[in-house]
Amino acid sequence: MPILCDRLLKLKEMFNSKFGSVPKFYVRAPGRVNIIGEHIDYCGYSVLPMAVEQDMLIAVEPVKTHVLQLANTNPLYPDFSTSANNIQIDKTKPLWHNYFLCGFKGIQEHFGLSDLTGMNCLVDGNIPPSSGLSSSSALVCCAGLVTLTVLGMNLSKVELAEICTKSEHYIGTEGGGMDQSISFLAEEGTAKLIEFSPLRATDVKLPSGAVFVIANSCVEMNKAATSHFNIRVMECRLAAKLLAKHKCLPWEEVLRLEEVQAKLEVSLEEMLLITEGTLHSEPYSPEEICRCLGISLQELKTQILSPNTQDDPLHQLSHCSARLKMNVLTFKLYQRAKHVYSEAARVLQFKKICEETPDNTVQLLGELMNQSHMSCRDMYECSCPELDQLVDICRKFGAQGSRLTGAGWGGCTVSIVPADKLSSFLANVHEAYYQRSNRSLVPEKQSLFATKPGGGALVFLEA
């Protein structure tokens, strides 16, 4: 708390210098690390994250004009202003202020408001950007809570999480809700099993003899600026529809892999067998998917692809077949479904081990994390050479398990390390990965650090 108090005082001074007044209140929303359960929230499956101490902090002053004035303590992010009653979000440019506008617009639309007051806001964040620790979602959540507080309205944490999940889609990313849920529902001292439909969170007590360590690969990947993420969402949707069609389910209604399991009333292990018996490991062409579903390429684009995904390379599906044959985009449905169903099972196994606390708890949890990374790397193909190298280094120097965390294609790893090996682990990983390259230029507190479960989003009133 002393560090946060210092930040609040500094933020107040900067706010006064910027706007010539003092903030009326502050809002904090944390980042998160996903311990296990990667790329499965948007498929309908439970995940197991915890909030980290790094966060987004916003100083706020409501004003009588209808102008939103946004500023950032980081000079890399320019000031922005707009009318509070004419919010335009350009999803072709994932600029920092658009994430604030997502949260603002989400609350505005939830209450059906058209005449909103303006505000001056100064944003301060210490979550490394594009690191897989959810800096963007923390800003969306922070902005949503800022807007709710300015309006004097009330919503539950669950309602806020659901609104912010939906509103982040305005930026063009088809996320599933984990990041927003943990930002609001987190509690100090415990990780959370986040379940969806309906959204709920259950405490998961992590083993006392181990520490979770985050290591930044220093490769940045902005989900909204690339097509990788949304293409994976679409591959999972297509896999769900083909599995549903094969099992004579109403495939037109199915959007998520979890829905197939629920409709068939089978276990995750049985879904893995069904996937192996139904989908082939060779990539599917758009034409083959259309043949399997009995639809045209135009129907594939208009009825199955989301508006957000149509802006990706998948947009070429709207072009003529001749062009498709020249530049075919293929879909790895078997691999994506295999990852999702196996990862969903690993989440439940992880929670069960934490509850039963066998003597080799840390080893067992580590094995699940290692399996998760292997699946992310080989079946979901969301790793990168630097992440794989960092995972290998972490395991070499004492981690019982290590895996990428966040969307992947860059960002961070999370490792489970026996508490008595922490000091030597940090020193050895720092030397092996950071000191032997220009990565040592990244501030150490942003690149390699132990973390513990932190609390969720809060409002601080100015005394």
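Kindly indicate which of Met379, Met369 is aliphatic (A, V, I, L, M), crowded, with 20+ Cβ neighbours inside 10 Å and within 20 Å of the chain's Cα centre (by Cα).
Met369
For the stretch 142-175, give me each residue that is part of a loop (DSSP other than H, G, I, E, B) and open to solvent by 20 Å² or more (accessible area, probe 1.4 Å). Can you show your working first?
Step one: of the stretch 142-175, the residues part of a loop (DSSP other than H, G, I, E, B) are 152-156, 172-175.
Within the stretch 142-175, Gly152, Met153, Asn154, Leu155, Ser156, Glu174, Gly175 qualify.
If the Cβ limit is 9 Å and pairs must be 6+ apart or interchain, which residue in the stretch 242-257 that is more than 17 Å from Gln335 (Cα to Cα) pairs with which residue that is of a type in the set (Asp, Glu) and crowded, with 17+ Cβ neighbours inside 10 Å?
Leu249/Glu259; Glu253/Glu259
For the stretch 410-426, enumerate the residues that are among the hydrophobic types (A, V, I, L, M, F, W, C) and either open to solvent by 20 Å² or more (accessible area, probe 1.4 Å) or assigned to a helix (DSSP H, G or I) (or both). I'd like the intermediate steps shown before the answer.
Filtering the stretch 410-426 down to residues among the hydrophobic types (A, V, I, L, M, F, W, C) leaves 412, 414, 416-417, 419, 422, 425-426.
Result: Ala419, Leu422, Phe425, Leu426.
So Ser134 fits all but one of (1) of a type in the set (S, T, N, Q); (2) modelled with pLDDT of 95 or more; (3) within 30 Å of Arg395 (Cβ to Cβ); what number is the exception?
Condition (2) is where Ser134 drops out.
Filter the stretch 94-137 down to the residues that are in a loop (DSSP other than H, G, I, E, B) and farther than 30 Å from Phe449 by Cα, then identify the one that is least open to solvent (accessible area, probe 1.4 Å).
Leu116
Inside the stretch 323-353, can you point out the residues that are modelled with pLDDT of 95 or more, within 24 Å of Lys241 (Cβ to Cβ), hydrophobic (A, V, I, L, M, F, W, C) and open to solvent by 10 Å² or more (accessible area, probe 1.4 Å)?
The answer is Ala345, and nothing else.
Which residues, counting only those in the stretch 9-34, are among the hydrophobic types (A, V, I, L, M, F, W, C) and touching a Lys or Arg at 6+ places or on another chain (Cβ under 9 Å)?
The answer is Val22, and nothing else.
Of the numbered conditions (1) modelled with pLDDT under 95; (2) over 19 Å from the mean Cα position of the chain (by Cα); (3) among the aliphatic types (A, V, I, L, M), Ala59 fails exactly one; give the number of that condition.
The number of the failed condition is (1).
Among the residues of the stretch 1-51, count how many are open to solvent by less than 10 Å² (accessible area, probe 1.4 Å) and either small (Gly, Ala, Ser) or in a helix (DSSP H, G or I) (or both).
Here the count works out to 7.
Just name the residue that is nearest to the chain's Cα centre (by Cα) out of those in the stretch 186-200 that are buried (at least 21 other Cβ atoms within 10 Å of the Cβ) and closer than 24 Å to Cys102 by Cα.
Keep residues of the stretch 186-200 that are buried (at least 21 other Cβ atoms within 10 Å of the Cβ), which gives 186, 191-192, 194, 196.
Next, from what is left, pick out any that are closer than 24 Å to Cys102 by Cα: 186, 194, 196.
Details: Ala186: 15, Ile194: 13, Phe196: 15 Å.
The selected residue is Ile194.
The values are calculated or read from the model by the stated rules, or taken from the named source; none is laboratory data. Since the structure is predicted, the reported quantities are computational estimates derived from the model, not experimental observations. Positions of Cβ are generated from backbone atoms using ideal geometry, with glycine treated the same way; all protein chains shown enter the neighbour counts. Remember, those area values only see protein heavy atoms, side chains included, never the ligands or the DNA or RNA. Shrake-Rupley method; radii C 1.70, N 1.55, O 1.52, S 1.80 Å.
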